[in-house]
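Here, each number is a calculation from the coordinates, and none is a lab measurement. This is a predicted model, so every value here is computed, not measured. Cβ placement follows ideal geometry from the backbone for every residue including glycine, while neighbour counts extend to all protein chains displayed.
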Amino acid sequence: MSGWMSRWLNAGGEEQTATRPPTKTAMAAAPSPSFNDEEIPRYPPFVKGLPLPTLPQLMATQSELIARLRKELMLGDDDDGTNRWESYILPVIERYAAFVHLIPASEAHHHRGAGGLYRHGLEAAFHATRSSKGVMIGLDRPRVERRQLEPRLRVAAALGGLFHDAGKVIHDVTATDRDGRSSWSPIDQDLDDWANQRGLDRYFLHWREQRAQGGHEAFNLIALKRILPARVERWLSHPDPNLYSGFLAAITGVPHSSPLVELVRKADRVSVEQDLREHRIESIDTAVGVPVDRYLIDAMRRLLHDGRWTVNFPGARVWLFADLGLHLVWPAAAKDMSELLAKDRVPGIPRDPDTIAEVLLERGLAIPRLDALGQHPTWRMAPALLSGENGKPVELAMLRLKDTGVLFPFGAPGTVELWSAPEESQPARSEPQRPSEPVVASQDAPSGQPESTPASVGTTVPLASEPSVVSAAGKPSEPSPALSSNPSTAAIEQARRWLTKSSTSTARLAKTIDSLDRDLHTHALWRDGLLWLRYPDWFETTGWPAPEAAQALSEDGWLEPDPQTPMRRVRDHAGQRWLALNAQLSEQLGTVLGEPRDRQPAPEDPEATIRQPDQSVLVGPPSARTDPDDPRLIEIILRELAIQHGGGDGSHACVLEQRQLKALARKHHLGVFRLRTRLLNDPRVREDNQRRLVVTI
């Protein structure tokens, strides 16, 4: 053992001072650096406990989410002038914050950091509120009571999400002082009051080893009595006590038929999945290194929230495309993020855009572009909103994010389309089919080359008095958004007046009609004799907030509920969400949306239609580009179909399924809605009982 160690041990840890003097050649000892004890890391780390901020400070930590919740609720005032938010929601949030304080939602799962339970409750409240807008309530009650129940349903959904895990404070954890001699009793008082009585500046959590999975639900009722004011309970119970009983079932896990049970369960799941997906559960205190990805996400959201970043607009940093997701203009977005974090003096943040892209790719937050040469961080995208000289597309380098929830955790805005070149015209067949054979529109018609078809295609069928029809697909397709007839200008004006005078919500619809464009028709369809509007896309295009529209139309009785789920406003169909208008409103709004009949179908070209008996029509190939407003457009399309399928004598017919109609609309630069309406104005086109277009050729 070395001499200095022996002397240190013999002296009980203090080295003997009687040592020989240093020689002249001895070097002076370097001064030892000065460290604060808390700056020296150790493993395992010290348990620091949780601080005791004031209630206003605690509320301020989630001010943005609380503001979002208020906007989503849209409560307004009661009939007596009482502000519903100030009376029934905000005081409950304040008492909830004081009750759960900075306690995590779990020990090692979701929302496990300080303040996790507070955040989780607010997130669940937000998502439950948003989902509640698809629920219809009180259909068997007078209209006055329905108006009373609508805001109560939203409040019950929000409070159900807020309270669903509140019992964890009692069941899952204990809070003590530093020495563990004094424990907080959540049943008796708020944590802050307990700490102030004992002069504490921090408290320490201990997770119960024997806590049961889901056992906290029974304790939610105790938390409820500590937090929920009696006036809120009375308000929720009137005029229908079943609403309040459904709320209690939602937070206690008791079986109940109320839609609130599923709303709260789904909201809880969404909040948990969102937190785990965004890696918020990692502990900063025990990590070595800078959590760059989390700083970058925070910077993105701040830039978006502050208005420095815009979405789907010329000059925007953020673009959201249908089917392709969320994109950031690169490297401009990277420069914005790095400059913001540099201003905040956050250490360890890379400044190079390529390095930032690599971080996001490594963390699974972005999606690379793969080709034969390898992996690339950016994609070349051409938004349809942008155009350069001569109408050419403008391509931008963009970083594709994996999940829209990275920037929009509470719902993304509408999407925009990408620029695409028009398809080439369908060449004429050199040898058309015989007129006696029925023909079928190809699956991708019009196309450059015919593809293989099912065995039934091309089968000879005896002619009848009506043109024979062969479907292009084995199963019927859903109807496209079109009107069965083209209304006159007078009918349109009459329908518009009806909308204006019938109710507040229909008047709002009439007011938005002026903002319609042809793209809006892709967000509507006719189904079961009703007009369905895609939710929220149709309303976002008109500028009417979708939740507000759904509420207004529901309160005025203009929505047709699904017989299977009559409590829901929003209906599901073909993977999309819709609002189905009732028959009366469908007829009137459909009339306004249809094209006027003041323009009759163009007459046929005499040279093309003059033919001898038993002869087919001889026509030339169509033009490669057509004007969508050309009155001869329908005639051109019908000629194309005759050339493609060998018709021309009017004895046969082809069926246009939805896919073929979309291909034709895309080729001729029309919306599907507009093309379908114009085709139906021609006497050679009709609808069958499955609402497909049957074209006589």
What distance in nm separates the simple spin-label points at residue 342 and residue 385, each placed 7 Å from Cα in the Cβ direction?
2.8
Could you order peptides 165-171, 397-403 by the average number of other Cβ atoms within 10 Å of their residues, highest first?
165-171, 397-403
Additional length obtainable on full extension of the chain from residue 183 to residue 107, 0.36 nm per residue less Cα span
25.5 nm
Net charge contributed by nearby residues that have their C-beta within less than 15 Å of residue 178 (K/R +1, D/E -1)
+1
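Just check the range 292-406 against the gyration tensor rule for me: Cα atoms, a ≥ b ≥ c as the square roots of the eigenvalues, rounded for a/c under 1.5, and otherwise prolate or oblate depending on whether a/b exceeds b/c.
On the way: a/c = 1.87, a/b = 1.32, b/c = 1.41.
Judged from the Cα gyration tensor, the range 292-406 comes out oblate (a/c at least 1.5, b/c at or above a/b).
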Hey, rough spin-label estimate for residue 681 and residue 572, points 7 angstrom out along Cα→Cβ, what's it come to in nanometres?
3.9
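Looking at this model, which pairs from 511/667; 48/225; 402/511; 71/402 are more than 30 angstrom apart at the alpha-carbon? It would help to have the intermediate numbers written out before the result.
On the way: 511/667 32 Å; 48/225 32 Å; 402/511 38 Å; 71/402 27 Å.
511/667; 48/225; 402/511, as the Cα separations exceed 30 Å there.
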First measure r as the distance between the Cβ atoms of residue 94 and residue 332, then evaluate 1/(1 + (r/R0)^6) with R0 = 51 Å and state the FRET efficiency to the nearest 0.05.
0.80
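How long is the gain from residue 489 to residue 222 if the chain were fully straight, where each residue apart is worth 0.36 nm and the alpha carbon distance is subtracted? The partial results should precede the final answer.
Numbers: separation 267, 0.36 × 267 = 96.12 nm, distance 6.42 nm.
Net length gain for the segment: 89.7 nm.
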For residue 343, counting only lysines whose alpha-carbon sits under 16 Å away and dropping same-chain residues fewer than eight positions off, the answer is 335
Anisotropy class of the range 152-268 from Cα gyration tensor, a/c 1.5 cut:
prolate
Estimate the FRET efficiency between residue 57 and residue 659 by the formula 1/(1 + (r/R0)^6), using the beta-carbon distance for r and 51 Å for R0, to the nearest 0.05.
0.30
Counting Lys and Arg as +1 and Asp and Glu as -1 over every other residue whose Cβ sits under 10 Å from the Cβ of residue 124, the net charge comes to +1
Which three extents, in angstrom, do the Cα atoms of the range 50-277 have along their principal axes, listed largest first?
61, 35, 31
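Taking 56 Å as R0, compute the FRET efficiency from the Cβ-Cβ separation of residue 198 and residue 373 and round it to 0.05.
Values: r = 66 Å, r/R0 = 1.19.
Using R0 = 56 Å, I get an efficiency of 0.25.
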